[in-house]
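The values are calculated or read from the model by the stated rules, or taken from the named source; none is laboratory data. The shown structure was predicted, so the numbers you read here are calculated from the model rather than taken from an experiment. Quick reminder, even Gly has a Cβ in these numbers, built from the backbone with ideal geometry, and neighbours come from all protein chains shown. Calculation scope for accessible area: heavy atoms of the full protein, side chains included, ligands and nucleic acids excluded. Shrake-Rupley method; radii C 1.70, N 1.55, O 1.52, S 1.80 Å.
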Amino acid sequence: MLPALPRLAAAPVPPAPPLPPSPPDMDDGDTFAYLSDGRTMISGSSDDVHLARTFKQKGKDIIFVRRADKPFLIRDPQTLEQVRKLMEEAGRLGDAQGALGQQQAALGQKQAALGQKQAELAYPQTQLASKHAALALKHADIGVERARIAAARRDDTDRDDVERDRQEEALDKREADLDREREGFDKQQEELSRKMEALGEEQAKLGQEQAKLGEQQAKLAEEQAGRHHEQFKKVMNVVDEAIRKGLAEPLPT
């Protein structure tokens, strides 16, 4: 009986690190866009964002906001500084998620490396299976030859048993050689199976670690979503205060 070929799962793909937080959705008809040379933070209508970019000058940050269908442009340095700090704090809220994402990515790389080793072991196992199949065919040929000799013993009136004994001895030797060869293949197969099993156990442990990190990531994501929403509310409070103080430049509607 031929040994079963191993079933290999695809090498795990390292998980992507978490995306940076984005601002929550604005009320219908409202838009917020903070534009700087290094970063753009937006929420709301993409048409308004395109409009906001027409006012952006190199080296100067601006805020475009539409509140109650009224567009404003904010260039006030103090307001911009307050919003910048709040945005930086919001960005730092994702640091823990980023650290977890790096751990997940590192584990994913280990899983992928183990998957590659498993794939490399599968090739010699396939070769051994082919060799086992070839041996089985040779054994079958010997069986056919033995049957021929036995039939000849029954039917041949000359009864040249000496020659047939010699032929059977030769078949016995061939069969013994094949058995030794098969034993060698079996030992190789056992060694490969042990290695494959060890890799599978290691892969399972990494999978458990990855699952735990995933649970932590999910909890953090839920927590960070709420905290980030609160942080963005603070940003909009600053923006609305600037509008009330007349620090926002009204734009034609």
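Summary table
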quantity	calculated
Any chance GLU88 is of a type outside the set (A, V, I, L, M, F, W, C), over 25 Å from the mean Cα position of the chain (by Cα) and modelled with pLDDT under 85	yes
Residue list for region 197-228, filter: modelled with pLDDT under 80 and not acidic (Asp, Glu)	LEU220, ALA221, GLN224, ALA225, GLY226, ARG227, HIS228
Candidates GLY98, GLY143 - the one that is part of a helix (DSSP H, G or I) and without any contact (Cβ under 8 Å) to a residue 40 or more places away in the chain	GLY143
Set GLU201, GLU209: member being part of a helix (DSSP H, G or I) and free of Cβ contacts under 8 Å to residues at least 24 places away in the same chain	GLU201
Every residue from region 74-125 that is closer than 28 Å to ALA218 by Cα and open to solvent by 70 Å² or more (accessible area, probe 1.4 Å)	ARG84, LYS85, GLU88, GLU89, ARG92, ASP95, GLN102, GLN103, GLN109, LYS110
Single residue of GLU145, GLU168, GLU175 found to be more than 30 Å from GLN118 (Cα to Cα), surrounded by 12 or more Cβ atoms within 10 Å (Cβ to Cβ) and in contact with a His (Cβ under 9 Å, 6 or more places away or on another chain)	GLU175
Hey, LEU128 within 41 Å of the chain's Cα centre (by Cα), at pLDDT below 85, open to solvent by less than 50 Å² (accessible area, probe 1.4 Å) and of a type outside the set (D, E, K, R) or not	no
PHE232 touching a Lys or Arg at 6+ places or on another chain (Cβ under 6 Å) and touching a residue at least 12 places away in the same chain (Cβ under 8 Å)	no
Residue that is most open to solvent (accessible area, probe 1.4 Å) [pool: residues in region 1-29 that are at pLDDT below 50 and closer than 30 Å to ASP69 by Cβ]	PRO20
Residues satisfying the stated conditions in region 209-253, i.e. over 20 Å from GLU81 (Cα atoms), over 40 Å from the mean Cα position of the chain (by Cα) and loosely packed, with under 11 Cβ neighbours inside 10 Å	PRO252, THR253
Check on PHE55, modelled with pLDDT of 85 or more, closer than 25 Å to GLU241 by Cα and assigned to a strand (DSSP E or B)	no
Criterion (touching a residue at least 40 places away in the same chain (Cβ under 8 Å) and within 22 Å of GLY98 (Cβ to Cβ)) met by exactly one of GLY214, GLY226	GLY214
Residue within region 30-43 that is at pLDDT 65 or above, in contact with a Phe, Trp or Tyr (Cβ under 9 Å, 6 or more places away or on another chain) and open to solvent by 30 Å² or more (accessible area, probe 1.4 Å) present	yes
